[in-house]
Structures are given as C-alpha cells and as structure tokens.
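Report on one structure; see the data block that follows.
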Amino acid sequence: MNRRQWISIIGFNLVALAAGVATSQWIFRTELADDPAIKAFFANPWQTPDGKSVDTKEWREKVLVVNFWASWCPPCVEEMPTLDQLQAEFKSQNVLFVGIGIDSPSNIREFLEKTPVSYPIVIGGLEGSNLSKQMGNSQGALPYTIIINAQGKATSSKLGKISEEELRKAITSAL
C-alpha cells in the first residue's frame, strides 16, 4: 500500500471512531428529571409487591436513590447487592433507596423471596416505565438510577448498571 492509501484508511477509521463515540453518547444520554416529573413520582399511588399502599410523605426530605429495575434484567439483578449494602451504610445519613419494579407483582414477589433487599420495593408496571422516561431515561432501558436530594431536586442519574464508586460519589454530592 502506498502512503495515500494508508492516510485514507487512517482517516476513515478516525471518522468512524468519532461517529461511534458520538452515537454512544446520544444513545446512552440521560437528562435530569424536572420538577413536574419528581412531583409525579411523589404523587404516584405506589404499592408494595404484596399490595400495600406506600405513603411517599415518609420519603420527603431524604436523599432518595430511585432505581428502576426488573427481575428479568441481568444488570439490574447484579447491582442489587451493592444497592442493598449502600442502603445499610447510608441509612443513618437520611438516605433512602427505593426500587421501582418494572414487572408484575407476582414476578417481583417471587424474585424478592430468593433475593431479599432491605430497601422498599414498589410496583412500577407500565406507569413506572413511563415515569422512568419522564425522569430522564430517554431510552426507557433498565436499570436506571436517579438521585433526588432532600430538597426534591434531581442531582444525578445513570442509565445502565451503576458501580459502587459512581453511586457513592452521587450520594455524597447530594448530601
């Protein structure tokens, strides 16, 4: 190959790389929830997997780690032990984790029997999926985690499995 062909190949690959990076940033982008979405979150008539109503007034004035998940979502299941561990660790600092199951009540109950967690789990269903989108999850994919500070403002969000380090940093900045 001559020099011109090499330059063309390298140039093409650089353009392809830049396009790939730009596309991945667009695909995995999230936006922070606005006030109406957070108000909708608090106003939603949440229920536990066993059908009990949840009073979201108890969630106000806390730092909330809201995690949209499903039992059929491997990354969701993989991150749950970390969420459970950090809930125990940050509980004394007025931090509450809330899991919103985008699944049927029976599937969630069955899953929680095998994999119990110490934080509240509520049924999201289709409305939960829509709320996830309102709260910045433009792709509607799972898992999706959003941090809401004690003043009721979204401070960070993550589409996809969140690492312990990312979550610690997000919680600490919301405190």
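The values are calculated or read from the model by the stated rules, or taken from the named source; none is laboratory data. Remember, predicted model here, so these are calculated numbers, not experimental data. We place every Cβ from the backbone using ideal geometry, glycine too, and count neighbours over all the protein chains shown.
Spot the failing condition for SER92; the list is (1) modelled with pLDDT of 95 or more; (2) crowded, with 16+ Cβ neighbours inside 10 Å, and only one is missed.
With respect to (1) modelled with pLDDT of 95 or more; (2) crowded, with 16+ Cβ neighbours inside 10 Å, SER92 is out only on (2).
Only one of (1) at pLDDT 95 or above; (2) among the small types (Gly, Ala, Ser); (3) surrounded by fewer than 20 Cβ atoms within 10 Å (Cβ to Cβ) fails for GLY101. Which number is that?
(3)
For the subset of the stretch 56-70 comprising residues that are modelled with pLDDT under 95 and not aromatic (Phe, Trp, Tyr), which member is surrounded by the most Cβ atoms within 10 Å (Cβ to Cβ)?
THR56
Which residues, counting only those in the stretch 75-97, are among the hydrophobic types (A, V, I, L, M, F, W, C) and out of contact with any helix residue (DSSP H, G or I) (no Cβ under 7 Å at 6 or more places or on another chain)?
Residues satisfying the conditions are CYS76, VAL77, MET80, LEU83, ALA88.
Of the residues VAL122, VAL117, VAL95, which is within 25 Å of GLU61 (Cα to Cα), assigned by TED's automatic domain parsing to the domain that holds ARG60 and under 15 Å from the mean Cα position of the chain (by Cα)?
VAL122
Within 13 Å of SER71 (Cα to Cα) and surrounded by fewer than 19 Cβ atoms within 10 Å (Cβ to Cβ), is that true of SER106?
Yes, satisfied.
Conditions (1) in contact with a Phe, Trp or Tyr (Cβ under 9 Å, 6 or more places away or on another chain); (2) closer than 17 Å to ILE38 by Cβ; (3) of a type in the set (Phe, Trp, Tyr), marked per residue:
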site: VAL98; (1), (2), (3): yes, yes, no
site: SER118; (1), (2), (3): yes, no, no
site: GLY140; (1), (2), (3): no, no, no
site: ILE147; (1), (2), (3): no, yes, no
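Could you look through the stretch 72-120, keep only residues that are of a type in the set (D, E, K, R) and free of Cβ contacts under 8 Å to residues at least 60 places away in the same chain, and pick out the one that is nearest to SER132 (Cα to Cα)?
So the residue we want is ASP103.
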